[in-house]
Structure formats: structure tokens, C-alpha cells
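Structure first, commentary second.
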Amino acid sequence: MLFGSKSGTAGMPRSSTPRVLGSFLLFLQLVAIHSLDLPKDYEFPATQLFPPVFTEQPPQKYVVYPNDDINLKCEAKENSRSWYMWEKDGVKFEPNDTRVIQKKYSGTLLISNINGNMKDFQGKYRCYARNELGTAVSNEVHVITEATPKWQKEIIEPIEVEEGDAVELPCNPPKSAVPPRIFWMNSTLLHIIQDNRVSMGINGNLYFSNVKVTDHHPDYICHAQFIGARTIVQKEPIELKVKPTNSVKFRKPKMMMPMGSTSNHLALKGTPLQLECIAQGLPTPDIEWLPLTSNMDPSRLQFDEYRKFLRIENVNEDDDGEYECIAKNSEGEVRHKYIVRVESAPYWINRPKDEIRGPGEHVKFTCDVDGKPKPKITWKINGEPVKVSELGPNVKMEGGSLILQNMKTSDTGVVQCEAHNKHGRILENAYIYVVELAPVILTPDQISYSAVENTDVLLHCKFFGSPAPITHWYDKDMNSVVSKDGFEILTNGSMKISNVHIEDEGIYYCIATNSKGNATISAYVDVRNATHIIIPPKTKRVRKGGKATFECIPLFDPNMKIKNMEWRKDTTIIMEDDDNDKYFIEDYLLSIANVQDDDQANYTCVAYSELDSVSRSARLIMLDLPEPPYNLELSAPQDTSVTLSWTRGKDNNSPIDAFIIEFEEDNFEPGIWHELKRVDGTENMAHLDLSPYVNYQFRVIALNELGPSNGSKPSDRFRTPEAAPLKNPTDVQGEGTKPSNMKITWKPLRGIDWNGPSFAYLVKWKRQSQNEHWKEKKVTEPYFFVEDTNTFVPYDIKVQAVNELGKGPEPDVFTGYSGEDYPKIIPENVGLEAVNDSTIKVAWLPVQKEGLNGHLKGFVVRYGAQNEKHTHKITVYGNATHANINGLKPFTNYSVTVHVLNGKGEGSESEIKTIRTEEGVPSPPSGLRVERLSDTSLALFWGPPEHPNGILTGYKISHHLVNKDHTDSFLLQTINDPNQQNWTFYNMSSKDTYRFFVYAKNSVKESLPAEIEGSTMKELEFPPVLNITVSSTDKCISFKWRPLDGLRNGEIRVQIRNKSNDQWQLHAVVNASDAEYKIRELQSGNNYHIRLMALNYSGFEEIWKNEVQTLTIALVDPPKGFASEGWFIALITTIVLLLLILLILCFIKRSKGGKYSVKDKEDTQVDSEARPMKDETFGEYSDNDEKPFTSSQPSLNGDVKPLGSDDSLADYGGSVDVQFNEDGSFIGQYSGKKEKEATGGNDSSGATSPVNPNITIE
């Protein structure tokens, strides 16, 4: 046995080896020191015995006052089933005193105070809780007995001071183990008001920094409240006499408490620290505090309202140091320095903990404490001190630790660590419980573990036992998995399968074994396909303000329960917002609207299941126009060239394709920029060729796929020198505006091409093929007129640029013509040909140049139908010889002429030619009508087509039945006489309707048909009935009508449907002559839709429709009595109302001249001294002061005083001042006669005041 025999267990029966059924211990190591930790959710059986563990212990100090009992609690956990023993002053406490009782099955000690003498029980006590497994030791409690606190009788002489002096009033309360609470009051129990001048010190004395005459009082009384003794005692009153003086002198501050300039103060860690600084002086000094140690935290310092007291609630080591208080007034200052030394009673850093171990294991108890001075540590086992000289081979002490090795079940016990220094002591119990237990597997059985391929899966087999079990894993065939690749058994019993595959799926078994038995569980591994993204998002390049759409399509294992996908911007999850359309997520798409610079990011789609997740990312790149170049510089200047360089701006994610160099000049087009040159986007300079006589400035524009940037800031100005022109005008033309002139025009040169001042154009001309000299003229406008020319004559012309410095290069020669005139020639041999019924062809011979009088533009063909005034024309351009005229009317005569067209206009018309178009399709016959001849015959009548479009040859007629399944047409007759325009049909059915078709024919084609329907049936008047009325009962709806004359045998169909049915149902077929019909056996209170149908020409049509409701069956009311009639009730109500008004008027009249109770008013006048006080109040009035005195009005059934009461208002004569509130209540004051004693009974519901009896007045 490691500890030897356990103290106090002799003679007690020993139980069998402790059994812990179902206890949970965690196996941490197999080789080194094992530690069995109890699972949190484990509950031991109620019968399980444990070493004693205290639940209640006595305090370290216990003060007893007279009339107090002693109650020292000592309780251990019930599962220890402990018995208890007490020691007093180191000796077993076994008093033979009936006042001492120890609770049954408890260690709590009760000592009754019977005679008030408890001094015999003063001392130091300790409780021991024991059972067969060990002994626990309680804290040591110091029991102190005290008498009732009393102030010794003393004679206190008055204290006399002069006004302005300082004074200290001593308190010196009775001594006690528990300091009392001190407060100062006067004899009327009013507290002495404290402020910056008057304050109470920590010692309880009352200090006056300077006294005033108002401080003169005979009864300054110090009170001491002893909380434990439940009593307050007071000192004899102190009389303070203050002598007034007319020569109060100001004084510099002087310390009253503490005295001197320096004092030392000891503070214990964890307790509050309070320092005081009370000074005398006049004027009253102000107090300041300064922490003189640099590492102090000023926020921990607390001050009272007048800063006389500094307080730190919870002292720690950092509060050790110096503090200085300064008292100052207008006369000077005084300082006092506190030197605070912080020490500490022992306190725990790491307490020893209860331990449960298996046989052969080791345990280390650590007693880590601190304090100042350094505490001394002692160890006990089961309450017995551990002596180093008596330690066994398996027990070691190292520093503050106790090590127990190679333990046996008999080594179970309780260890005590106790530490003490001069400020106190602490003690902690910890037990070691050595047990042997069969293996128990804590992991539930038949857990299914799901994992995706190529990941790791961990199969748990959490176990415990004592000794520590060994675990083995087996597959479904009970083969060990140790030799399999990727399988690993961990020290905690779990099995790890690395890079799991489909073939690893199946059931596995974990078996835990020790010397006490074994335990088995099974687990299933479910291997699934990993989640994939089959279409990942792709990087998007989107223009600013545009829309970006990412697509991401995942593929999940079908057995996954969770199949979700989310989008992230960088690391932030994207959520759709109803108030913001920035993001839109639908199916596998993410759309981002109005892309801006802050939208540039990595966008990730995350597809996740309950087992895995996979993500793919793409970049959103916002494209924008490039930033403009900057830092433009000019270099290498020449007369007509310069080099321009620049620094490129940001390309905004789209490479710059080119740079555009633009120029602006301030002479010809100031403020307008023109493109000068383009260079590749990789360049940053350009050589510029310039024109003379221009004051240039340049700017550069960057160009990318989205477009051009803004222009850069302009460069400096660069002026080129003057020179002769280098260009001549282009697009030189000569055309006449009339037959006798020629206007020469050209495209003027831009100002930058003038190259110098006095710019002009030198115009030269001469007739072609004539031996003439050039004529010339200098002009500044871009045109010139040559006058007096012949009609349409060719000229050679040229235009040259000139300025002050010379002429431009020799110009090119161009051909021009003088003005044109109308053509004098006409087309010849005009011929016509009818192509079809709407087209004719016109042809003519080519024309000669002589007589054209201008450039041949083409020909105008004019045509018109015979007998039509309006003509049409078509124009053919060029030297054509034919044209087609389309869109003509069939079989119509047209007249045609042809005209030559030049730049001046049309010439004379050609010879008129006439032709007729071919025949076409006639229009349908007109005015088709049908006429009934009899019940079996009818006739058709029609007129000729409006447009025969040829020679009419006759008609064709066909017909078929209407509303039959077949629609075959029957050719009845072809009429070859165009003048016959009618036809009669015989043997027709009188019950059928026919559709007739009539066609017109000419020698070429037949027309579309004219159509009409007809029948031999006699026409009906519709509808056949008039004046339809309806009525209903609870089960029947009736209809009535008046039939038309001659239609009494017409058929009427009655149809019905209710609201729940959309289909009409035929209810009956009746004859119009019946004039009435009833629908019976209906449901009461239901709505029905009814309609009547009658036969019209082509079938049955609706003639009437309505919604009708059947009546509801009403319950028969019993006969009403006379009193229930409405007029009778109204009469009675009116009478009652009149009586009520009469009573109110009488009451008002009586009130104006009657009696009024003034008791309520008098009650409010009661002197407060006459009001009762609660017995328990002390110096305060009863809350009755806040409750108004009220008295109820006399009962109508009670005694009423006669109208001639002695207390009428007349008794008070003219001194009565009567007033009323808005509600009529009496608020007047009266004077005169004294109140008379009330005679008769008191009608008030409450007791009558002895001071204010009930009084009525008239």
C-alpha cells in the first residue's frame, strides 16, 4: 500500500474491488504515463463510492455575538457516504455539552446559544470527511466570540474654537473583529452634511478644515453600526462652540490626516485600497492626487466628489508605488506622500486536481501557489503530513509537486496541499482514484462515414478502460487492416484511411481489449464521387457600364443530400438584393450589371456538398477608354517639320492600338482640331511634316478597341515661315448656268495650304481646237464666270494658287463647257408592242449629237389611257433605245410619246403612237341577289362585272349546302350568253341553306366568284315572343311571354345552369303558343342562370338571359304581442327621457338654494400636526399626508337636516366669499361664526375627524 493504512478507517468493513459500471475514461497513451479523463456526459451509478469531496466548508473567520448560535457547515458529496470529525485547536473536538449538535449524515456543527456565554467555543476548528477510500480536510475556521458592542460612558467636555480654525471631533468606536460602519448625526437624527470643508476620516473622526459660526451645535453624535451584531450604538454628544471673530485670518494648508509629509501603507492584493488626504486651511484647500510611479494605470484610480479619498477597488502588483496628495489654497500648499507596498495572502495559480488512474499508472499533483511573502507549502495524505524521510519508493516530491508512481487500486486516497504566509493560508483537496475497468467504447455503434474519393476518412473508436485497452480494426471478412496500404491505427483508437477509393467502401469492426474483457463496434465507409466543375467560369473583359456574365456548371454525386453553389467576389459571398440589381444569380449564371472599376476582382464559384467543395475562379476585367497622354514636348524644329513626343496614359486594360496627333492653328480655323498623323500604339514620338505660314499647337489622342481617349493638354505653339504655294486647287470644272456663259469652279485650298499672305487663284481658259491664247484672271473666290460664249462649246481651263511669295506648281488642264439649251431633235421611228395585259414596250432609233444642245441625259416617255386627262411619265437615262411601261390596265388603249432629255431639260415630243393592252381577268359579277320563288325554287340575279378587262363571253354558276359535313361544289350551268344575267333553281330542299357562286368569263380567263347564301324557307320574324317576365318561389321559377301573331307554333328551348357549372343544360323544348313555362324541383336560396333560345334564319339564337334566385325558406315567427310593437317601445322611451330631464332640472334648482357639504374643504385645512403617524416611522411623517381626506355625501335614505339649519350661510353675514369651480363644486372661503358641533348622526361612510366634524350649510 502506497500510503499505509488510511486514517480513521479501522474497524470499518472493506467493500469488494470497486466496480465502475459504464464509466468513461479516455485512453491517451499506451507507453508513457496514462491519464484517464472522465467524459463530461458520464453519470456514475448512485451506488458508486468515491473519495470525499467537500461541497460546503466553514469560512476562515466566524464572529459570534451574544444571542447568536454557531453554525459551522461541513458537507461532502453524497457519493462518498462520508462520516465526519472535528478538531479544535489541533485536538479532536468531542465536547460533553448538550448545546453542541452534529447533524445526522452530515458534518455541519450546530452550537446553540442558551445562556449567552459562548466564550468556551472560541478557537480554531477543522473538519475531516472520511470514508474507506480516503480523508478530506476542510479549511481552518477561526471562531471569535464578542460581547455586545458598547461605548464606555464618558464625560466629553465642549470643544471651543475660534471662527476659521480647524477642529477634529473624535469618534473612537468600540473595537470589533468586524469594523463597524461610522456615520455622524445630530440629536434629531439628521446627518451631518459633508463637503470639501467637512469630512469624515477613515478612522471615523469628523474633520473641519475651518469652522464657521453655523457649525456651532451641542449635539455632534458619532454612530457605529455593527452589521453582524445587528445593532447601532452612539457616542455621547460632542458640543462644538464656535467663537465669532471679526478678524478671520487666511491660513496656508496643513495636513490633518495623515500627519506629516510621508507615510507607509500596506495593501493586500485583491482587496480595496483607500488613501485619505484631509487638510486644514482657509480658504478651504482643494485636493489633487499624483501617482508617482510611471507604470500605474490612471484609469484604475477612483476619487470621491471632493477628491479627499483615493480608492482602488482591486489591488494588484502594479499598484505598488508612491502616491502624492497636494492640498492647496490661495495661501500656499502642503504635500503628503504615501508609500504603498503591495503584498498578498497565498493564492492559487494551479490547484491540484482530482485524478482517476488505472493500475500501474503514474500521477503528478502540482501545488502551484504564489503570494508575498512567498508561501510555505506542506503536503498531507488523508490528513496526515507527508514526511520526506518516510516516503516510499513510489512517492517523490519535486519542488511544489507530489509524484505517485506505479500505483495499485489500494493507493486510492485524498491528497491535501496547504500553503500559508503571514497574511493567510489556503488548502486544497484532490483525490487519486485507482480503478480496474473492462473496456467500454464510447463511439456509437454502426456509424456510417461518408467520404469522397482521394480524401482521408477517420473512423472513430473512442474507448477507455483500466488498464488501458488495445484496439484492433478488421474488415468485413474479419481480416486485420494493419497491412493494407493507406490504413493507419491511431493511438486514440481511431482508424485513418488515406486517399480512400471506391473499393474501400464497406463495413469495418473495432475491438478494444484489456485484461478485464473486450468491446466491439462496427462502422460503415460510404465512398462517393468528388464534386467537379465541368464548365468553369472564364475571365471576362467588359466595357465600363456594361454587363458581365459568368457561367459555372458543377457535377455532384447523385447520393449527395446537399448540392449547392455560391458565388464569391474575392472572399466575400455574393448575395442578391431586392433593393439593388447589381447582382443577378439564376441557375448557373452570375450577372453583374453596370460594371465599374470596383467590380474588378476574382469571381469564384464554389460548389459544395455535405462532404466536399470545389471552386474555380475567373477574373473580371473592366475595359475603358484609355487615359490621354501627357507631358507633350517639341524637339528637332525645322522650317516645315518638328518632332513631338509624349508619355502614354493608362490603357485601362485594353492595349492602345494607335496615337492620333491633331493640330489647331489660330489664323484660319482657330479652336478647331484636325487630324495630322497616326502612329502605332507602341510609339511615344512622331515626326510631323507641316505647312508654311501656320502657327501650330498639337495634342495627342490614344486609341484602343473601345475608342479614343480625351485629347491631351495642348503642346506649346510652333510657327512655320512663309513660302510659295505647294498645291493647286482640285476638282476644277466648267459648266454654264445659261447658254451664253461658263462658270469655272474648284475646291478651294485650306488656309494651311496658302503658305503665305495675299493668297489668290489664277484662272486661265481658252476654246478647244481653236488657235487662241490663254485668257486669265486672278480671283479670291472659288469660282469665275466666262461670259458671251456660244451654246455648249468646249473649253480648256486651269486654276493655279498664288501668294506674295510666288505661284504654285503648273496646274493640270481640264475641259469645261459653256451653257446648254433645250434639245432641238426628236426621237424617230417610235414603235409600240403589247407585252401582256399590263405592260407595253416602247422603242426608238438612237439620236445624233447635232441638235442636242448639251449633254445627253436620257429620254422621257409620256403615256396616258384613252379618255383620261392625266398622263404619266417614265425616265430612262443614257443613250437608250427602248423602255417598258408597267402597271397598265388590261384591254385599254394608251397614247405614247418620247422626248430627248439633256442638262437643260426635255425636248419636243415625238410622233404620238397608240396601242391597246391585252385582255385580263374580269372582276366578279355585280349586284348578286337571291329571290325565293316557292318552297322548292329560287332565282339568282346579277349584273355584269364592273371591269370586264376584255370581251365578256358568258357566266358560270355553282353551289353547295351550308352547315353540312361535305362542301363539294356542284357545277350546274355554264351560260354562254353574256346578256343573260339570271338563273332559276328548282327542286330545292326547303330545310336547307345553300351558298351560290357566280363567275364572269371573257375570252382569256374567268373572274373570282360573287357569293351569296339562300334558302327556300320562309323568313321568320325574330324573336317569336315578346314581353318575357319571370318570377320565383323557393323551389320553382316561372316564365311568361306573349307570342307574335302568326308564330304561335314557334319552338322555344329552355336552357339552365348553376354557378358551379359552365355548361348550359337543355331543360325543355316548349311551343311559343304555350305563353308560360315553370322550372320545378329547384334548391331554395340558389342562383340559376336561365336563357331562352328561338330558331332564326340560320339556327337557334339567344332571345333572353338572366340570373334568377329561388326564395329562402323563412321560419314562421310567433305572433307579436302589443308590448313588442315599435311604436309602443318608442313611446315608453320618450316618457322615461322626459321624466329624467325633469328630475335633473329639479336637482339643479335645489342645488342652487339648498345645502352643500363643506367637509371636504375643511378636511383639506387640517393641521398636519393632528394627523396620525405610523408607529414605525422615525423622523418622517406618515404617507397619509399625500392622501386627501374625503367624506361621502349624506345618503338619500339617511337623516337629513331641516332647511332651517343653524349652519346656513346667513349666519356668516357679509363675510362669506363663495366661489364655485367650473364643475359646480364649492371652493369658497368663509369666516365669521365658529363651527358648531354637529347634531344628529354622521352620514359619512368614513370616520368623522375630531377636528373637522361634518357641517352642512344652506
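Regarding Trp348, is this residue closer than 30 Å to Asn394 by Cα and either open to solvent by less than 70 Å² (accessible area, probe 1.4 Å) or touching a Lys or Arg at 6+ places or on another chain (Cβ under 7 Å) (or both)? Against the criterion (closer than 30 Å to Asn394 by Cα and either open to solvent by less than 70 Å² (accessible area, probe 1.4 Å) or touching a Lys or Arg at 6+ places or on another chain (Cβ under 7 Å) (or both)), Trp348 qualifies.
Within region 223-233, identify whether any single residue is of a type in the set (S, T, N, Q) and closer than 30 Å to Pro149 by Cβ, and answer yes or no. Yes; the residues of region 223-233 include at least one that is of a type in the set (S, T, N, Q) and closer than 30 Å to Pro149 by Cβ. Looking for something closer than 30 Å to Thr720 by Cα and either touching a Cys at 6+ places or on another chain (Cβ under 7 Å) or surrounded by 17 or more Cβ atoms within 10 Å (Cβ to Cβ) (or both) - is there at least one such residue anywhere in region 770-781? Checked region 770-781: no residue is closer than 30 Å to Thr720 by Cα and either touching a Cys at 6+ places or on another chain (Cβ under 7 Å) or surrounded by 17 or more Cβ atoms within 10 Å (Cβ to Cβ) (or both). Of the residues Glu804, Glu776, Glu787, Glu850, which is of a type outside the set (A, V, I, L, M, F, W, C), in contact (Cβ under 8 Å) with a residue 40 or more places away in the chain and out of contact with any Asp or Glu (no Cβ under 8 Å at 6 or more places or on another chain)? One residue alone meets the criteria, Glu787.
Within region 384-437, how many residues turn out to be open to solvent by 50 Å² or more (accessible area, probe 1.4 Å) and outside any loop (DSSP other than H, G, I, E, B)? Total meeting the criteria: 11. Answer yes if at least one residue in region 657-664 is open to solvent by 20 Å² or more (accessible area, probe 1.4 Å), of a type outside the set (Val, Ile, Thr) and touching a Phe, Trp or Tyr at 6+ places or on another chain (Cβ under 6 Å), and no otherwise. There is at least one residue in region 657-664 that is open to solvent by 20 Å² or more (accessible area, probe 1.4 Å), of a type outside the set (Val, Ile, Thr) and touching a Phe, Trp or Tyr at 6+ places or on another chain (Cβ under 6 Å). Looking only at region 273-288, residues that are closer than 27 Å to Ser247 by Cβ and assigned to a strand (DSSP E or B) come to 6 in all.
Looking at region 624-696, the strands (runs of 3 or more DSSP E) lying wholly inside it that each contain 3 or more residues that are acidic (Asp, Glu) sit at 656-665. Only residues that are closer than 25 Å to Thr409 by Cα and either open to solvent by less than 70 Å² (accessible area, probe 1.4 Å) or among the charged types (D, E, K, R) (or both) were counted across region 457-491, and they come to 9.
Just for region 811-856: of the residues that are among the acidic types (Asp, Glu) and outside any strand (DSSP E or B), which one is surrounded by the fewest Cβ atoms within 10 Å (Cβ to Cβ)?
Checking each candidate, the answer is Glu850.
Of all the numbered requirements in (1) more than 23 Å from Ser80 (Cα to Cα); (2) touching a residue at least 40 places away in the same chain (Cβ under 8 Å); (3) open to solvent by 30 Å² or more (accessible area, probe 1.4 Å), Lys380 misses one, and that requirement is (1).
When you go through Pro385, Pro375 one by one, which is the residue that is free of Cβ contacts under 8 Å to residues at least 24 places away in the same chain and either in contact with a Leu (Cβ under 6 Å, 6 or more places away or on another chain) or within 30 Å of Gly413 (Cβ to Cβ) (or both)? If you could, list the steps in order and put the result at the bottom.
Working: Pro375 fails: free of Cβ contacts under 8 Å to residues at least 24 places away in the same chain.
That would be Pro385, the only listed residue that is free of Cβ contacts under 8 Å to residues at least 24 places away in the same chain and either in contact with a Leu (Cβ under 6 Å, 6 or more places away or on another chain) or within 30 Å of Gly413 (Cβ to Cβ) (or both).
Of all residues assigned to region 570-582, none qualifies as being part of a strand (DSSP E or B) and surrounded by 14 or more Cβ atoms within 10 Å (Cβ to Cβ). Among the residues making up region 364-376, a single one is surrounded by 16 or more Cβ atoms within 10 Å (Cβ to Cβ), outside any loop (DSSP other than H, G, I, E, B) and more than 56 Å from the chain's Cα centre (by Cα): Lys372.
Every residue in region 857-896 that is part of a strand (DSSP E or B), more than 17 Å from Tyr822 (Cα to Cα) and of a type in the set (Val, Ile, Thr), please. Working first, answer last.
Step one: of region 857-896, the residues part of a strand (DSSP E or B) are 857-865, 872-877, 882-885, 893-896.
Going one step further and asking which of them are more than 17 Å from Tyr822 (Cα to Cα), we end up with 862-865, 872-874, 876, 882-885, 893-896.
Across region 857-896, the qualifying residues are Ile874, Val876, Ile885, Val896.
Number of residues in region 541-555 that are surrounded by 16 or more Cβ atoms within 10 Å (Cβ to Cβ) and either modelled with pLDDT under 95 or in a strand (DSSP E or B) (or both): the value is 7.
Please go through region 235-270 and pick out each residue that is hydrophobic (A, V, I, L, M, F, W, C), assigned to a strand (DSSP E or B) and surrounded by fewer than 15 Cβ atoms within 10 Å (Cβ to Cβ). Give the steps one after another, and end with the answer.
Of the residues in region 235-270, the ones hydrophobic (A, V, I, L, M, F, W, C) are 238, 240, 242, 248, 250, 255-257, 259, 266-268.
From the residues that got through so far, the ones that are assigned to a strand (DSSP E or B) too are 238, 240, 242, 255-257, 266-268.
If the condition is that a residue be hydrophobic (A, V, I, L, M, F, W, C), assigned to a strand (DSSP E or B) and surrounded by fewer than 15 Cβ atoms within 10 Å (Cβ to Cβ), then Leu266 is the only one that fits.
Of the residues making up region 583-600, those that are in contact with a Ser or Thr (Cβ under 9 Å, 6 or more places away or on another chain), touching a residue at least 24 places away in the same chain (Cβ under 8 Å) and either surrounded by fewer than 17 Cβ atoms within 10 Å (Cβ to Cβ) or in a loop (DSSP other than H, G, I, E, B) (or both) number 2.
Can you give me the number of residues within region 281-300 that are farther than 13 Å from His336 by Cβ and open to solvent by 30 Å² or more (accessible area, probe 1.4 Å)? Steps first, please.
The initial filter retains those residues of region 281-300 that are farther than 13 Å from His336 by Cβ, namely 281-284, 286, 291, 293-300.
From what's left, open to solvent by 30 Å² or more (accessible area, probe 1.4 Å): 283-284, 286, 291, 293-295, 297-300.
Total satisfying the criteria: 11.
Across region 497-540, what is the number of residues that are of a type outside the set (Val, Ile, Thr) and either crowded, with 19+ Cβ neighbours inside 10 Å or closer than 30 Å to Asn704 by Cβ (or both)? Selection size over region 497-540: 12. Just give me the residues in region 289-311 being among the polar types (S, T, N, Q) and assigned to a loop (DSSP other than H, G, I, E, B), in sequence order. Within region 289-311, Thr293, Ser294, Asn295 meet the criteria.
Residues in region 32-66 that are of a type in the set (S, T, N, Q) and at pLDDT below 85: Ser35, Thr47, Gln48.
Conditions tested, residue by residue: (1) open to solvent by less than 10 Å² (accessible area, probe 1.4 Å); (2) part of a strand (DSSP E or B); (3) basic (Lys, Arg).
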| residue | (1), (2), (3) |
| --- | --- |
| Asp68 | no, no, no |
| Tyr84 | no, yes, no |
| Glu94 | no, no, no |
| Asp97 | no, no, no |
| Ile101 | no, yes, no |
| Leu110 | no, yes, no |
| Asn117 | no, no, no |
| Asp120 | no, no, no |
| Arg126 | no, yes, yes |
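If you take just the strands (runs of 3 or more DSSP E) that sit entirely in region 705-810, which of them hold at least 1 residues that are more than 27 Å from Lys824 (Cβ to Cβ), of a type in the set (A, V, I, L, M, F, W, C) and touching a Ser or Thr at 6+ places or on another chain (Cβ under 9 Å)?
By residue number, 730-735, 741-747, 760-767, 783-787, 794-803.
Of the residues making up region 608-623, those that are under 30 Å from Asn454 (Cα atoms), open to solvent by less than 60 Å² (accessible area, probe 1.4 Å) and assigned to a strand (DSSP E or B) number 2. Taking region 312-362 as the range and being part of a strand (DSSP E or B) and on the phi > 0 side of the Ramachandran plot as the test, the residues that pass are Gly321, Gly332.
Go over the candidates Val1108, Val1069 one by one and state the one that is at pLDDT 80 or above, β-branched (Val, Ile, Thr) and within 16 Å of Val1030 (Cα to Cα).
Details: Val1069 fails: within 16 Å of Val1030 (Cα to Cα).
The unique qualifying residue is Val1108.
Do we have Glu453 as over 30 Å from Lys387 (Cα atoms), open to solvent by 70 Å² or more (accessible area, probe 1.4 Å) and touching a strand residue (DSSP E or B) at 6+ places or on another chain (Cβ under 9 Å) here? So Glu453 does not fit the description; no.
Scan the strands (runs of 3 or more DSSP E) fully inside region 971-1017 and keep the ones with 2 or more residues being of a type in the set (Phe, Trp, Tyr) and over 24 Å from Asp837 (Cβ atoms).
Working: elements: 982-985, 993-1002, 1010-1015.
Of the strands (runs of 3 or more DSSP E) lying wholly inside region 971-1017, those with at least 2 residues that are of a type in the set (Phe, Trp, Tyr) and over 24 Å from Asp837 (Cβ atoms) span 982-985, 993-1002.
The values are calculated or read from the model by the stated rules, or taken from the named source; none is laboratory data. Just so we're clear, the structure is a prediction, and the values are computed from it rather than from any experiment. Reconstructed Cβ throughout: ideal geometry from the backbone, glycine too, with neighbour counts over all protein chains shown. The protein model used for the area step is the full one, side chains on, heavy atoms only, and it has no ligands, DNA or RNA in it. Shrake-Rupley method; radii C 1.70, N 1.55, O 1.52, S 1.80 Å.
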